[in-house]
Amino acid sequence: QVQLVQSGGGLVQAGGSLRLSCTASGRTISNYAVAWFRQAPGKEREFVAIIRRSDNTGYADFVKGRFTISRDASRIAVYLQMNNLKPEDTAVYYCAADPTYDRSQSKDYDYWGQGTQVTVSS
């Protein structure tokens, strides 16, 4: 069983930066695909970024050039560095992991973090 624990997030002004962390307890996720999703009030959960099992990365168009997903050197944690934040980035952010597939749809993930609020003020 993989338990994902998230940290980071908070309140920031537009143009600012935040870093989210996703760490697995109980076992390593070094060979897992790890994705970040977000959900704003009244909206569906949407894909943000993925680091695939090969360590290749992918991004939603609306975060390209602003967000960076990475693994730490120990391959225990996955980070989402968010720069040049905009008010429309306000949402609860979730990390998710899968050992088998590299997918960008939330329905395909069984392991989820607890979610963390990101609020960007204008």
Taking the full set of protein chains and a 1.4 angstrom probe, give the accessible area of Ile76 in square angstrom, rounded to the nearest 10.
80 Å²
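Arrange the residues Leu80, Leu11 by how much accessible surface each exposes, largest first, with a 1.4 angstrom probe.
Details: Leu80 0, Leu11 130 Å².
If we order Leu80, Leu11 from most to least accessible, we get Leu11, Leu80.
Exactly which chymotrypsin sites (Phe, Trp or Tyr not before Pro) in the stretch 17-122 are in a DSSP loop and have at most 16 other Cβ atoms within 10 Å? Mind dumping the intermediate values first?
Details: sites: Tyr32, Trp36, Phe37, Phe47, Tyr59, Phe62, Phe67, Tyr79, Tyr93, Tyr94, Tyr101, Tyr109, Tyr111, Trp112; in loops: Tyr32, Tyr101, Tyr109.
Qualifying residues, ordered by number: Tyr101.
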Taking every other residue with Cβ under 12 Å from the Cβ of Met82 and scoring Lys and Arg +1, Asp and Glu -1, one gets +3
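Give me the 1.4 Å probe accessible area per residue for the stretch 1-109, excluding ligands and nucleic acids, in Å². The partial results should precede the final answer.
Working: 5480 Å² over 109 residues.
For the stretch 1-109, the solvent-accessible area averages 50 Å² per residue.
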For Lys107, list the lysines whose Cα falls under 17 Å from its own Cα; do not include residues on the same chain fewer than 8 positions away.
Lys43
Per-residue ³J(HN,Hα) for the stretch 31-40, Karplus 6.51 cos²θ - 1.76 cosθ + 1.60, θ = phi - 60°, Hz, x for Gly and Pro
10, 9, 6, 10, 10, 10, 10, 9, 9, 8
With Cα springs under 10 Å, the Gaussian network model of the chain assigns the largest mean-square fluctuation among Gly42, Gly15, Gly26 to Gly42
Accessible surface of Asp61 in the full protein assembly, 1.4 angstrom probe, to the nearest 10 Å²?
120 Å²
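Please work out how much length the chain gains when fully extended from Ile76 to Ser122, using 0.36 nm per residue of separation minus the C-alpha to C-alpha distance, in nm with one decimal. Mind showing how you got there, number by number?
Details: separation 46, 0.36 × 46 = 16.56 nm, distance 3.43 nm.
Full extension of this stretch gives 13.1 nm more.
So what's Rg/Rh here for the chain, counting alpha carbon atoms and using the Kirkwood radius for Rh? Intermediate values should be presented prior to the final figure.
Numbers: Rg = 13.3 Å, Rh = 14.1 Å.
Taking Rh as the inverse mean 1/r over Cα pairs, Rg/Rh reads 0.94.
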Looking only at the stretch 89-122, which residues have a backbone nitrogen under 16 Å from a spot 7 Å from the Cα of Gln1 in the C-beta direction?
110-114
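Determine the order of Ser121, Ser17 by accessible area, beginning with the largest, at a probe radius of 1.4 Å.
Working: Ser121 40, Ser17 60 Å².
Per-residue accessible area, sorted high to low, gives Ser17, Ser121.
How would the stretch 9-73 be classified by its alpha-carbon gyration tensor: rounded, prolate or oblate, with rounded meaning a/c under 1.5 and the a/b versus b/c comparison settling the rest? Before the final figure, lay out the partial values.
On the way: a/c = 1.60, a/b = 1.55, b/c = 1.03.
Note, shape of the stretch 9-73 comes out prolate.
May I ask you to compute the full-extension gain from Asn83 to Asp55, defined as 0.36 nm times their residue separation minus their alpha-carbon distance, rounded to one decimal in nm?
8.0 nm
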Rough spin-label spacing in nm, given labels placed 7 Å along Cα→Cβ, for Lys64 and Arg103:
2.4 nm
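Around Ala14, with a cut-off of 11 angstrom between Cβ atoms, what is the net charge of the other residues, counting Lys and Arg +1 and Asp and Glu -1? Can you show the working numbers first?
On the way: positive: Lys86; negative: Glu88, Asp89.
Counting the neighbours of Ala14, the net charge comes to -1.
The values are calculated or read from the model by the stated rules, or taken from the named source; none is laboratory data. Note that the structure is predicted; figures quoted are calculated from it, not measured. All Cβ positions, glycine included, derive from the backbone under ideal geometry; neighbour counts span all protein chains shown. Surface accessibility is based on the protein's heavy atoms, side chains included, excluding ligands, DNA and RNA. Shrake-Rupley method; radii C 1.70, N 1.55, O 1.52, S 1.80 Å.
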